[in-house]
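The values are calculated or read from the model by the stated rules, or taken from the named source; none is laboratory data. Bear in mind the structure is a predicted one, so any value in this text is a computation, not a measurement. Virtual Cβ from ideal backbone geometry, glycine too; neighbours counted across all protein chains shown. Quick note on the areas: whole protein, heavy atoms, side chains included, nothing else; ligands and nucleic acids left out. Shrake-Rupley method; radii C 1.70, N 1.55, O 1.52, S 1.80 Å.
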Amino acid sequence: MENKSENPRMSSTGVLPERTHPPLRNIRLLPGSPFYDRQKDMLEFLADQDTDSMLCNFRKAAGLPAGTAKPMTGWDSWECKLRGHTTGHYLSGISLAYAATGDEVFRDKASAIVEGLSECQKAFTASGKVHPGFLSAYDEEQFDLLEELTPYPGIWAPYYTLDKIMTGLLDSYKLAGITQAAEILDPLGDWIYERLSRLSHEQRARMWDTYIAGEYGAMNSTLVRLYRISGKKEHLEAARMFENARLFDQMRGNRDELDSMHANQHIPQVTGAMEIYAVTGDRGYFDLARNFFRTVTEHHCYCIGGTGEEERFRAADSECGFLTEKTAESCASLNMLRLTSKLMEYEPAVRCDLMDYYEHTLFNHILMSCSHCADGGTTYFMPLAPGSCKHYETEENSCCHGTGMESRFRFMKDIFSYEGSGNEAVVRVNLPVSSFVDDEEKLTVSFTENGRLEVKAGADMKKKLAVRIPAWAREDFPEAADGYVYCGRLKEGESVAFDLPMKLRRIPAASDSRYYNLAWGPYLLAALSDDTDFIHPDVSELTENTDTDMGSFTDGRICCVPLYRVDREHYHIYYR
């Protein structure tokens, strides 16, 4: 990727993005798509959770009565050092759910959690046992031990957990309008600044380079978001204190030294670098983020768009050597999409390349990671070994269970985007996801399994319409020179439609020609088989079962279906 703008457009609040998007509250998914179905399942799960259980460990740590609330389990049990992170994810999830549906039950739950966290923060401060402003589901000990460079599992990523709590509070403030969340965040940001500012740059760099113990999620991004609310320079300075020199220096130099580094420990840090660029204009942060994205997507991704094996990056272009049961952590893919989205705000020249990765990973990992019922289940890893079977995490309260509460919603804002102004203003339809945006354009998008993509205007359009043609269909649309077809301004009731070719495709693995994948339209195809040896479907003999399910193929021996339809069956995605 090459960015032409060496001198970004600046305002008093930072770098002006080339691309914006409608607020999530104006977007709705429409029935008839798997994204709608999986979101509906998650909405039911989120509505059924007990807020007192989510607050139980915080109250206990702050010396407040927890009542009869059912204790959390797994990674959030009282005995676990990561306790508190799921509460943050849940607060983000219900805030997103409120924005995505307008259902007051989710705002009520978010308000209850924010009120409970406020009570805990006040109790912590009143106890005199912690520094003012502190909040977590444990005391400050883990933070003390991190500064002594205590390794995992002696401690477990205290700033990572704090990031999830703060992100939940920020989401409740921004998405659900709960102003009390900002009252909690402001002194908590001060607490971070006071703590880190007394440490040397070298000590902080050693902390952030410590495997898992020093994992901090996207604390740099979170503090920039807080700075945008508080206006306190200390919060921006605190964001810049989360400088992981080992990663940032290699990426500023465009060097790929990712082998064996923890994938999801580092991906969110790069999103934070983009946030720092956005408020400071410091080009180095942008360059390292752009280089990181290119390095990961071109040399460290599996066919589904996910990255990492046993949570770690492996050597460049070696993914076919690591087709195991522990591939492609779901957290990592969600965070790669968040990074991609941020890059798209400032990379209009390559928006289509970025969106090609985004769509492919959304359709072939995020969508596939969801269980097919309302149990909140999400895959930790997406197994890619032959004969694999998905395992949905529902009780362990793992990191991916937490991000699963968010992943059914966060992508929605990227379905549509805005660019330009006045007579040159454009609204872009970026993703073939059935949805509706309730802004001045009132666009309805429908995408059916036969490949028909239609966009209809519910009002006379003020902006020009541009519709992205997905990479897998683009060769049939020569007019989409930059990946988009430009349709002018539609009148109320007018529509444009594109019949995208839902063809069966054989895709050679980029790093090892002995392996290949099968795809149909945007979906990778999974062969249903529990054989633990690699199989070789006869592509020339595969025929579609048009009498039953579109996208289902068989050669008489093996049945291949879109991966999103696979729930608990054994499957193959890589063939040899």
Q) Out of residues 5 or more away from residue 559 or on other chains, whose amide H comes under 5 Å of its own, with H placed 1.01 Å from N in the peptide plane? A) 528
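Per residue, how big is the convex hull around the C-alpha atoms of the stretch 231-333? Give it to me in cubic angstrom, could you?
Convex hull of Cα atoms, per residue: 94 Å³.
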Q) For the chain, what is the calculated [θ] at 222 nm in deg cm²/dmol (nearest 500), taking -39500 (n - 2.57) for each run of four or more DSSP H residues and dividing by its residue count? A) -12000 deg cm²/dmol
Q. How big is the stretch 43-119 on each of its three principal axes, counting only the C-alpha atoms and giving the largest first in Å?
A. 35, 24, 18
Q. Label-point separation (nm) for residue 141 and residue 209, each offset 7 Å from Cα along Cα-to-Cβ?
A. 2.9
Q: Using a 1.4 Å probe over the heavy atoms of the protein chains, calculate the carbon and sulfur portion of the accessible area of the chain as a whole percent.
A: 47
(Q) Show me the three semi-axes of the equivalent ellipsoid for the stretch 211-273, from the C-alpha gyration tensor (sqrt of 5 times each eigenvalue), largest first, rounded to whole Å. (A) 24, 12, 9
**Q.** Largest-first principal axis extents, alpha carbons of the stretch 133-192, Å
**A.** 39, 18, 14
Q.
Taking the square root of 5 times each eigenvalue of the Cα gyration tensor, what semi-axes in Å does the equivalent ellipsoid of the stretch 297-455 have, largest first?
A. 30, 19, 14
Q: For residue 202 and residue 549, calculate 0.36 nm times their separation in residues minus their Cα-Cα distance, and state this gained length in nm to one decimal.
A: 119.0 nm
**Q.** residue 52-residue 318 pseudo-label distance in nm [points 7 Å out on the Cα-to-Cβ vector]
**A.** 5.2
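By how many nm would the segment from residue 440 to residue 246 lengthen if fully extended, with 0.36 nm per residue of separation less the alpha-carbon distance? It would help to have the intermediate numbers written out before the result.
Values: separation 194, 0.36 × 194 = 69.84 nm, distance 4.63 nm.
Full extension from residue 440 to residue 246 adds 65.2 nm.
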Q: With r as the distance between the Cβ atoms of residue 421 and residue 541 and R0 = 56 Å, compute the FRET efficiency 1/(1 + (r/R0)^6) and round to 0.05.
A: 0.55
**Q.** Residues of the stretch 438-457 with amide N under 20 Å of the 7 Å Cα→Cβ point at residue 25
**A.** 438-443
**Q.** Options (1) 35.3; (2) 37.7; (3) 25.3 - which one matches mean projected area of the Cα convex hull in nm² as calculated here
**A.** (3)
Q | Separation between Cα centres of the stretch 211-253 and the stretch 19-86, rounded to whole Å | A | 25
(Q) Using a probe radius of 1.4 Å on heavy atoms only, what accessible surface per residue do you get for the stretch 231-375? Whole Å² is fine. (A) 27
Q) Lysine pairs, Cα distance under 18 Å, 8 or more residues apart or cross-chain: how many in the stretch 425-576? A) 10
Q. Which net charge results when you count Lys and Arg as +1 and Asp and Glu as -1 among the other residues whose beta-carbon is under 11 Å from that of residue 464?
A. +1
Q. If one computes the Cα centroid of the stretch 150-183 and of the stretch 488-517, what distance in Å separates the two points?
A. 38
Q) Relative to the present Cα-Cα distance, how much length would full extension add between residue 254 and residue 150 at 0.36 nm per residue of separation? A) 34.4 nm
Q: Give me the distance in nm between label points sitting 7 Å out from Cα along the Cα-to-Cβ direction at residue 494 and residue 13, one decimal.
A: 3.3
Q) Mind listing the phi-derived Karplus ³J(HN,Hα) values for the stretch 356-372, rounded to whole Hz, using 6.51, -1.76 and 1.60 with θ = phi - 60°, and x for any glycine or proline? A) 4, 5, 4, 4, 4, 6, 4, 6, 10, 9, 4, 4, 6, 7, 8, 5, 9
Q | For residue 312, distant residues with modelled amide H under 5 Å away | A | 263
Q: Please report, in debye to the nearest 20, how large the charge dipole of the stretch 11-92 is about its Cα centre when each Lys and Arg carries +1 at its beta carbon and each Asp and Glu carries -1 there.
A: 200
**Q.** Whole-Å distance, taken between Cα centres, linking the stretch 342-392 and the stretch 532-572
**A.** 20
Q | Straight-distance crosslink candidates among lysines, where the alpha carbon sits under 21 Å from residue 70 and sequence neighbours closer than 8 are dropped | A | 60, 81, 109
**Q.** Rounded to whole Å, sorted largest first: equivalent-ellipsoid semi-axes of the stretch 165-218, Cα gyration tensor
**A.** 27, 14, 6
Q) Averaged per residue, what accessible surface does the stretch 99-170 expose to a 1.4 Å probe, in Å²? A) 36
